[in-house]
Amino acid sequence: MAKYVGVDWAGSGWCVVTLRDDGEPETDVVASISNVWHDHGDAERILVDIPIGLAETGQRACDVRAKDLLTPTRHASVFWPPVRAALSARTLADAKAITEDHGFKLSNQAWAILPRIRELDAFFALLPEAVGTIRESHPEVCFAALNDGAPLAHGKHSAEGLAERTALLFDDDPGLEAVYDEAVATFIDPPPYARRLGAEGRADVVDALVLAHTANRSAQRLGTLPSDPPIDDMATPPRPMEIVYPAV
């Protein structure tokens, strides 16, 4: 029974949506990528919204293409990740200085996800066989692809943005509405002391859902930015610098 997994960092854990060819979908919130692999290492494809391959210098081609695709409304959702030399920086000032030496500026948003980038990087070093199964994607790029190539008009945390995203998902696969409702009821609707996700976690569920929906496609129905991704050969093991999206 093939399964396909979407994973999005939700502030206090990884929000995980699992779809199957024949069987019940699942939603979960787990502590680490290692937990994801322990539960789903047999998946056909796992898509995660965190940079995986890093450039030695300059900006990654996949991020440049993604920003171009999402202009003018959603391009700010793409953060320039650090160059590989900045990955081990202990302070924001150090990370910014190293990145600027390599041709661009590191944003505070990119700094905020640096621990997650390190987590993926260390995970692949320990489990190189996961390269190729766990791949990088970006929810906004996926939604633009589902929207006939046009970036969405509203931010994901607004009521209008949530309506845009769920309409696209549920129109493409009506069965996804029940998966979304189950995740909200389980992880967001309980009282504050019992929640696994924050009160605004609906956006994280939707992001994980579109990644799982994208993963649940044949290889022939997937594209990458860029179409021939360069390789981060400074990493061990080497890995592509790509963003996977649903090719229409």
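Take the Cα of Glu24, step 7 Å toward its Cβ, do the same at His38, and the gap between the two points is 2.2 nm. Counting beta carbons within 10 Å around each of Ser34, Ser218, Ser88 and listing the fewest first gives the order Ser218, Ser88, Ser34. Among the GluC sites (Glu not before Pro) found in the range 163-248, those both in a DSSP coil and sparsely packed, with 16 or fewer other Cβ atoms within 10 Å of their Cβ, are Glu200.
Between the helical axis of 61-70 and the longest alpha-carbon principal axis of the chain there is an angle of about 50 degrees. Students often get this wrong: which residues of the range 19-39 have the backbone nitrogen under 18 Å from the point 7 angstrom along Cα-to-C-beta of Ala125? The answer is 33-35, whose backbone nitrogens lie closer than 18 Å to the label point.
Fully extending the segment from Arg118 to Ser88, taken as 0.36 nm per residue of separation minus the present Cα-Cα distance, adds 10.0 nm. Computed 3J(HN,Hα) for the range 230-243, one whole-Hz value per residue from the Karplus formula 6.51 cos²θ - 1.76 cosθ + 1.60 where θ = phi - 60°, is x, 10, 7, 8, 7, 8, 10, x, x, 8, x, 9, 9, 10, glycine and proline marked x.
Helix 202-215 sits at what angle to the longest principal axis of the chain, using alpha carbons and giving 0 to 90 degrees rounded to 10? Helix 202-215 and the main axis of the chain meet at about 80 degrees. Our summary gives the chain a relative contact order of 28 percent, counting only alpha carbon pairs under 8 angstrom and 6 or more residues apart. Between helix 114-126 and the chain there is an angle of about 90 degrees, using the helix long axis and the longest principal axis of the Cα atoms. A crude spin-label estimate for the pair Ser107 and Asp189, with each label 7 Å from Cα along the Cβ direction, gives 3.4 nm. For the range 176-248, state which chymotrypsin sites (Phe, Trp or Tyr not before Pro) are in a DSSP loop and have at most 15 other beta carbons lying within 10 Å of their beta carbon. The qualifying sites: there are none.
Dividing the helix sum by the residues of the chain, where each DSSP H run of 4 or more adds -39500 (n - 2.57), gives a mean residue ellipticity at 222 nm of -11500 deg cm²/dmol.
A short reminder: the numbers here are calculations on the coordinates, not readings from a lab. As the structure is a computational prediction, the values presented were derived from the model and not from experiment. Note: ideal-geometry Cβ built from the backbone for every residue, glycine included; neighbour counts use all protein chains shown.
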